[in-house]
Amino acid sequence: MNYYFLNRAVRLILISLLFISLPIYSSDLFSVKNTLKEQVIVLDATLEAINKATLSAQTSGRVSQIYFDTNDYVEQGSVLLEITNKEQGALLAVAEAEVLRSQALYNESRLTYQRYKKLFPKGAISQGQLDQAEAAAKTNKQLIRAAQANLNKAKESLDYTIIKAPYSGVVTERHVEVGETINPGQPLFSGMSLQKLRAVTEIPQRHLEGLRKKPEFIITLNDGSQLFSDKVILFNYADQQSHAFKVRIELPEAQQLLLPGMWVKAQFISGSRQSILIPISAVLSNNELNAVYRDVKGKAVLTQVRLGKKQDGYVEILAGLQDGDLISIDAYKKLMLLESNNE
């Protein structure tokens, strides 16, 4: 039935161009009104992980074991890689011995100082000997702190030979092989968390002020479901080539499967503007050509229009109609009437 109507729509448009029109009844008319409507801006956005990092070596050695590879899921705290630790173990043993030695020296110097304090009032030792004993005790106490700091450093160096995941996520790249010698600062693993995601997009500078007034987004996923977020970070500088401003939108926890790299739609309100909405039933369409029956002195004249967005049974008119126009509310019903009259 629709193909029947559409094939004859072209004929009717040609007829209208020849100023042929039909009577139209007031009960079938829709009054066009220019109303103030919120301007909804819809942009393409990409999902990305908030937590993503590259783990680098903090000590030197040779890679002895690798437990995960690219695209593997890793739990927080899992061991990713091990480095040979003979050198680090030896340094730890030396540091522990130095702590014990400095502790023994301090204990000895402390006891000497305490003994000298008792002998000094009796005149058995001089003031200089007492001061020397006190200084030795204080110095050896500081040596304990220095030795303890070296011990902590040696323990950390040994811990650096076991690389663990800082958070749960996916390994995106492995940079080393088993048996490879590595040095501090060399990349080992890259990965990202799948738990916290954000949408990233760019907005034209003409909508910058509107977003600042109302920094809220509705994110539409591929399955049609929507997420709301008011955690928006708007960059304070524009891209030098596109002159658009980057926006990061933190997403709430969702039941849907969300992965970095997915495309979504991000929409926000940028002020308001005048808009004309008419029922979709009032539009006669044929391929890319759209028209409505407009009432002109009681006659229905086919008038071409340019359509905008459709929503809730209505469509926005971008051009072709103005405030106060009267149009037929059912274009295909009018088309049937015209066909029956012609036959």
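The values are calculated or read from the model by the stated rules, or taken from the named source; none is laboratory data. If you're wondering where the values come from, they're calculated on a predicted model, not measured in any experiment. Positions of Cβ are generated from backbone atoms using ideal geometry, with glycine treated the same way; all protein chains shown enter the neighbour counts.
List the strands (runs of 3 or more DSSP E) that sit entirely inside segment 148-245 and contain at least 2 residues that are among the aromatic types (F, W, Y).
Details: elements: 162-164, 169-174, 187-192, 197-203, 217-220, 226-229, 232-238.
The strands (runs of 3 or more DSSP E) meeting that bar are 232-238.
Quick one: which strands (runs of 3 or more DSSP E) lie wholly within segment 37-87 and hold at least 1 residues that are touching a Pro at 6+ places or on another chain (Cβ under 9 Å) and polar (S, T, N, Q)?
52-56
Filter segment 321-343 down to the residues that are closer than 22 Å to I276 by Cα, of a type in the set (G, A, S) and out of contact with any Lys or Arg (no Cβ under 6 Å at 6 or more places or on another chain), then identify the one that is modelled with the highest pLDDT.
Of the residues in segment 321-343, the ones closer than 22 Å to I276 by Cα are 321-332, 334.
Cutting the leftovers down to of a type in the set (G, A, S) gives us 324, 328, 331.
Still in the running and out of contact with any Lys or Arg (no Cβ under 6 Å at 6 or more places or on another chain): 324, 331.
Working: G324: 80, A331: 69.
So the residue we want is G324.
Any idea how many residues of segment 262-286 are modelled with pLDDT of 80 or more and basic (K, R)?
1
Hey, any hits in segment 196-205 for a residue that's of a type outside the set (D, E, K, R) and modelled with pLDDT under 90?
So the first thing to find is which residues in segment 196-205 are of a type outside the set (D, E, K, R), and the list is 197, 199-201, 203-205.
Still in the list and also modelled with pLDDT under 90: 205.
Yes, because at least one residue in segment 196-205 is of a type outside the set (D, E, K, R) and modelled with pLDDT under 90.
Between a residue in segment 212-227 that is over 12 Å from P252 (Cβ atoms) and any residue that is of a type in the set (D, E), which pairs come within a Cβ distance under 6 Å, given they are 6 or more apart or on different chains?
E216/D230
Per-residue answers, yes or no, for (1) surrounded by fewer than 12 Cβ atoms within 10 Å (Cβ to Cβ); (2) at pLDDT 80 or above:
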| position | (1), (2) |
| --- | --- |
| E288 | yes, no |
| V292 | no, yes |
| K299 | no, no |
| Q304 | no, yes |
| D312 | yes, no |
| V315 | no, yes |
| A319 | yes, yes |
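Any idea which of S31, S78, S109, S56 is in contact (Cβ under 8 Å) with a residue 40 or more places away in the chain, out of contact with any Gly (no Cβ under 8 Å at 6 or more places or on another chain) and of a type in the set (S, T, Y)?
Values: S31 fails: out of contact with any Gly (no Cβ under 8 Å at 6 or more places or on another chain); S109 fails: in contact (Cβ under 8 Å) with a residue 40 or more places away in the chain; S56 fails: out of contact with any Gly (no Cβ under 8 Å at 6 or more places or on another chain).
Going through S31, S78, S109, S56 in turn, just one is in contact (Cβ under 8 Å) with a residue 40 or more places away in the chain, out of contact with any Gly (no Cβ under 8 Å at 6 or more places or on another chain) and of a type in the set (S, T, Y): S78.
Kindly indicate the residue of segment 33-52 that is touching a Phe, Trp or Tyr at 6+ places or on another chain (Cβ under 8 Å) and more than 30 Å from Y167 (Cβ to Cβ) and also modelled with the highest pLDDT among those meeting that condition.
I41
Quick check, is S102 without any contact (Cβ under 8 Å) to a residue 24 or more places away in the chain and either more than 22 Å from A154 (Cα to Cα) or surrounded by 13 or more Cβ atoms within 10 Å (Cβ to Cβ) (or both)? Reasoning before the result, please.
Values: without any contact (Cβ under 8 Å) to a residue 24 or more places away in the chain: no; either more than 22 Å from A154 (Cα to Cα) or surrounded by 13 or more Cβ atoms within 10 Å (Cβ to Cβ) (or both): yes.
Criteria not met by S102.
Might you check whether a residue that is loosely packed, with under 14 Cβ neighbours inside 10 Å, in contact (Cβ under 8 Å) with a residue 40 or more places away in the chain and in a helix (DSSP H, G or I) occurs anywhere in segment 134-146?
yes
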